[in-house]
1. Wholly within the stretch 34-125, which helices (runs of 4 or more DSSP H) include no fewer than the required count, namely at least 1 residues that are in contact with a His (Cβ under 7 Å, 6 or more places away or on another chain) and of a type outside the set (Ser, Thr, Tyr)?
2. If you check ALA76, ALA32, ALA27, ALA89, which single one turns out to be of a type in the set (Gly, Ala, Ser) and loosely packed, with under 13 Cβ neighbours inside 10 Å?
3. Could you tell me which residue of the stretch 92-125 is farthest from THR61 (Cα to Cα), considering only residues that are surrounded by 15 or more Cβ atoms within 10 Å (Cβ to Cβ) and among the hydroxyl-bearing types (Ser, Thr, Tyr)?
Amino acid sequence: MRIVLALSRQSAAQGGRCVRDILQALAQYNEAIIRAGGVPPLYKSGVRYRRENGESFQDCTYILAQKWGDCSNLVAWRVGELLAQGEPAKVRMHWRVYQDGKRIYHITVRRGDGTIEDPSRILGM
């Protein structure tokens, strides 16, 4: 399956919420994969952070096979892992808006206790 999402500048806030919701759904899909077994914990998997050219959302088995992921894919894996352990973790998205109007986002994990975890930084960003 391939999902293409084109966001206009006028709907950036709505688009951001949409991306967050897609990533939360991917985390729940990863949770099911992790519960089925055969996927190591993210931080013991040998996977590293790498910036993606463009944006695509892949499940943890794809990331494991390619041995790298960007912030969105690493967070979806980590949130899925925490959900599988019973922790109510969530995808957290934040934006930086530059003077030229360009928006850059970064994705992190909001742990069940409210703390923020950044798998990208932990894995080499």
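What follows draws every value from the coordinates through simple rules; no lab data is involved. Computed from a prediction, not measured in an experiment: that's the story for all the values here. Virtual Cβ from ideal backbone geometry, glycine too; neighbours counted across all protein chains shown.
1. Values: elements: 60-66, 71-84, 119-122.
The helices (runs of 4 or more DSSP H) meeting that bar are 71-84.
2. Working: ALA76 fails: loosely packed, with under 13 Cβ neighbours inside 10 Å; ALA27 fails: loosely packed, with under 13 Cβ neighbours inside 10 Å; ALA89 fails: loosely packed, with under 13 Cβ neighbours inside 10 Å.
Just one listed residue meets the conditions, ALA32.
3. TYR105
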